[in-house]
1. With respect to residue B:120, determine if the residue is touching a residue at least 60 places away in the same chain (Cβ under 8 Å), under 19 Å from the mean Cα position of the chain (by Cα) and in the same structural domain as residue B:70 (by TED's automatic domain parsing).
2. Can you confirm whether residue B:42 is surrounded by 15 or more Cβ atoms within 10 Å (Cβ to Cβ), modelled with pLDDT of 95 or more and out of contact with any strand residue (DSSP E or B) (no Cβ under 6 Å at 6 or more places or on another chain)?
3. Check every one of the helices (runs of 4 or more DSSP H) wholly within region A:115-202 and list those with 1 or more residues that are touching a strand residue (DSSP E or B) at 6+ places or on another chain (Cβ under 7 Å) and more than 10 Å from every other protein chain (Cβ to nearest Cβ).
4. If we scan region A:97-107, do we find a residue that is within 11 Å of chain B (Cβ to nearest Cβ), assigned to a helix (DSSP H, G or I), more than 13 Å from the chain's Cα centre (by Cα) and touching a residue at least 12 places away in the same chain (Cβ under 8 Å)?
5. Closer than 26 Å to residue B:33 by Cα, under 15 Å from the mean Cα position of the chain (by Cα) and assigned by TED's automatic domain parsing to the domain that holds residue A:77: which single residue out of A:173, A:137 fits that description?
6. Return the only residue of A:170, A:142, A:191, A:157 being modelled with pLDDT of 95 or more and surrounded by 15 or more Cβ atoms within 10 Å (Cβ to Cβ).
C-alpha cells in the first residue's frame, strides 16, 4: 500500500516534470514567434518528448495552448497580487511608485504572453474567457489598491487603471519605433505614471 | 483648346468622384469587418462601380489598401495638426484639456482605421512605412505642444505622449469589457489624462 502509493507519486512527479517542460517549451516558442510558432512537433522537440505524449497529455494543439494560457496567466495573476499586497502596506506615495514599477516590470516580463493571448489570440473564442478573467482580476486588484490606499473614488480608479492597462497593451503590441521616433526613457515613463497614480492630485 | 481642357476637367472630376466613392466604400468595409472585409468585389459593389475600373484605378487590392491607408492617415494627420494649432494659442491649462479632448475624439473617430492599419496591418510590410510616418508626425506635433506650451522637458513630453498614444491604441484593440469589468467614464478618463498633460505637476 505504502510502496504502491510511493510508486504512483514518482510516476506523477515524472509526468508533472514533463508537463512543465512542455509548457516551458511553449512559452519559449511564443516568445520567439507568437502563436503560429507553437506546433505540436516544435513543442515536443524542444521539450525532449514525443508528439504522442503531448497529444496524450493535452489532447491537441488547442488543448496545449489553453493549458499554457491558464498556466501563464495564473503566474501573472499571482505575481500581480503579491506585488499589490506588498504595495498596500506602504505609505501612499511609496505605494504609488511601487505599484507603477511592478506594473511596468510585469508588462515587460509577460510581453510575449500578453501579445500571444491578448493581441494575437484576441479573436480566438477559446482564449476569450480566460483573458477576461485575468484582466478583470487585475483590474479589481489594482483599483482596490487605488481606492483603499491612495484614496481615489472608484470611477477615478477605473480611469487610472485603464491608462495603466493601455500602456502595457501598447508595449505588447508595438515596438518603440512604431509609437514615436526613438525610445522613451523608462524612468521618465515610470515618473509620469507614478504622478498619475499618486494621491492628492484629484 | 479651351473646350478640350474643359472636357478633360469634367472627365477628371468624374474620375475623382469615383475614386472618392471607392475610398469611402473601403473605409466603411474596414469599419464593419477589418482588413479581411475589403475585397475588390465588395468595394466595387458598394461604390457602385465595376471590378474593372477599380483594378484600372488601383492596380490590385493591395494598391487600393495602400491608397486608402494614405488617404485616411493624411486626414487623421490634418485633423490632429489643426487641433494642435488651435490648442497652442490657449492658456496652458485650457490647452491641456483641449489637446486631451481632441486626442480622445480622434481615437474614437479613427478607431476602425487605426485598428485596420496599425493593429491588423502591423506585420504587413506594405503598411509599415506609412504607419510610422503617421505616428512620428503625431508624436512630433504633440510633443512640441507639450514642450512649448506646457513647459515640459522633451523627455517628459515623450513619456506623456507615449501614454496618450497607448490609450488610443488600447481603445482600438480592445472592447471595454476586455480591459476591465464595465466601461470607464469618458469624462473621468479625460480628467485623468488632462492632469497628466497639465503643467506644474512635474
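The values are calculated or read from the model by the stated rules, or taken from the named source; none is laboratory data. Just so it is clear, the structure is predicted and the values come from calculations on it, not from any experiment. Heads up, the Cβs are rebuilt from the backbone with ideal geometry, glycines too, and the neighbour counts pull from every protein chain shown.
1. Criteria met by residue B:120.
2. yes
3. Output list is empty.
4. So far as region A:97-107 goes, no, none of its residues is within 11 Å of chain B (Cβ to nearest Cβ), assigned to a helix (DSSP H, G or I), more than 13 Å from the chain's Cα centre (by Cα) and touching a residue at least 12 places away in the same chain (Cβ under 8 Å).
5. After ruling out the rest, the residue left standing is A:173.
6. On inspection, the qualifying residue turns out to be A:157.
So that you can scan it fast, the table gives a plain yes or no per residue for (1) under 30 Å from residue B:139 (Cα atoms); (2) modelled with pLDDT of 95 or more; (3) not assigned by TED's automatic domain parsing to the domain that holds residue B:111:
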{"site": "B:3", "(1), (2), (3)": "no, no, yes"}
{"site": "B:6", "(1), (2), (3)": "no, no, yes"}
{"site": "B:20", "(1), (2), (3)": "yes, no, yes"}
{"site": "B:23", "(1), (2), (3)": "yes, no, yes"}
{"site": "B:34", "(1), (2), (3)": "yes, no, yes"}
{"site": "B:46", "(1), (2), (3)": "no, yes, yes"}
{"site": "B:79", "(1), (2), (3)": "yes, yes, no"}
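Each row is one residue, and each column tells you yes or no for (1) buried (at least 21 other Cβ atoms within 10 Å of the Cβ); (2) closer than 17 Å to residue A:148 by Cβ; (3) in contact with a helix residue (DSSP H, G or I) (Cβ under 8 Å, 6 or more places away or on another chain).
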residue	(1), (2), (3)
A:61	no, no, yes
A:70	no, no, yes
A:74	no, no, no
A:78	no, no, no
A:85	no, yes, no
A:116	yes, no, yes
A:123	no, no, no
